[in-house]
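The values are calculated or read from the model by the stated rules, or taken from the named source; none is laboratory data. In this text, all values refer to a predicted model and were calculated from it rather than measured experimentally. Counting neighbours? That spans all protein chains shown, and the Cβs are built from the backbone with ideal geometry, glycine included. SASA here: full protein model, heavy atoms, side chains in, ligands and nucleic acids out. Shrake-Rupley method; radii C 1.70, N 1.55, O 1.52, S 1.80 Å.
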Amino acid sequence: MQQTATEPRSGEPGGEEISLAERAYRAIRDRLVMLEIRPGAPINEEQLGQSLGVGRTPVREALKRLQYERLITTYPRRGTFATEVNITDLAHISEVRQELEPLAAAQAARRATATDRATLTALRRELESVASGESRGYDSTELMHLDLQVHRAIYAAAHNPYLEDTLVRHDNLATRIWCLFIDRLSDMAGHVEEHGPLIEAIVAGEPEKAAQLARGHVEGFERAIREAI
């Protein structure tokens, strides 16, 4: 299999083609974020490559990025493992997100293109189905994926690649903590539904309101996790 081939992008804003290395990175990243690869589990390059239908080179390139993003750890003479989830990291992650999430939301309200707004509006409709009671048709994993989609769409709409990369990394780490306590959280659907007014503020071009809602969302997340501990 040629490792320079590309295929349509899937599951994130935009529609450009992506390399096999990028596809491997996104797939492995999301398995780590959703704890499908459990914390502390060994990482087997060959098995990952087979499951993704790619060679070892794209997998190795992906793992280099994931180590930088603190999702995997390599130990000399022992191998590579999924990073453990440490609840003591919550305060540090939240400290960053409380400053940068409002900034991203405000910039998205100012800079979102017609395509960005269409993407966010489509996600808003999906959120409405959760709010209307159809969330009974969503399992916890689907709700988590929806939450990730909304966050990533907002970051992309801010049109600042450095801000986007930083927030994607920190949201990934926060989501791993969320997954760890998912069975103890009483109103997961409600947390996801909070994105509705935030999306409305961004689409309407209201940066101050968007920033305020984003900050409240992050603060509510940390509060919910601490109550669940």
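Leaving ligands, DNA and RNA out of it, work out the accessible area of Ser19 with a 1.4 Å probe and give it in Å² to the nearest 10.
Accessible area, nearest 10 Å²: 50 Å².
Using a 1.4 angstrom probe on heavy atoms only, work out the carbon and sulfur share of the accessible area of region 65-177 in %.
49
Any idea of Asp139's accessible area? Nearest 10 Å², probe 1.4 Å.
80
Counting only GluC sites (Glu not before Pro) that are in a DSSP loop and have at most 14 other C-beta atoms within 10 Å, tell me the longest site-free stretch of the chain.
The longest uninterrupted stretch comes out as 85-229.
Please sort by residue number the trypsin sites (Lys or Arg not before Pro) in region 47-107 whose DSSP state is loop and whose Cβ has at most 11 other Cβ atoms within 10 Å.
Arg77, Arg78
Would you grab the residues whose amide H sits under 5 Å from the one on Ile72? Only those 5+ places off in sequence or on another chain, please, with H modelled 1.01 Å from N.
Result for Ile72 returns Gln67, Thr83.
Per Stokes-Einstein, at 4 °C and 1.567 mPa s, what whole-number D in µm² s⁻¹ belongs to the chain, with the Kirkwood radius over Cα pairs as the hydrodynamic radius?
71
Given C-alpha coordinates of region 127-229, what is the ratio Rg to Rh with the Kirkwood estimate of Rh?
0.95
Expected output is a single nm value to one decimal: the length gained when fully extending between Thr74 and Asn86, i.e. 0.36 nm times separation in residues minus the C-alpha distance. What is it?
So the chain would gain 2.6 nm between Thr74 and Asn86.
Give the accessible area for Thr141 in Å² (nearest 10); use a 1.4 Å probe, count only protein heavy atoms, and leave out ligands, DNA and RNA.
Answer for Thr141: close to 60 Å² accessible.
Scan the chain and note any complete DSSP helix (H) whose C-alpha atoms cover at least 20 Å along its axis and whose Kyte-Doolittle average is -1.0 or more.
90-111, 114-131, 140-157, 161-180, 207-228
Where does the charge balance sit around Glu208 when Lys and Arg score +1, Asp and Glu -1, over other residues with C-beta under 13 Å from its C-beta?
Charge balance near Glu208 sits at +2.
Report the trypsin sites (Lys or Arg not before Pro) located in region 177-229 that are in a DSSP loop and have at most 11 other Cβ atoms inside 10 Å of their Cβ, or state none.
When the trypsin sites (Lys or Arg not before Pro) of region 177-229 are filtered for loop state and at most 11 Cβ neighbours within 10 Å, nothing remains.
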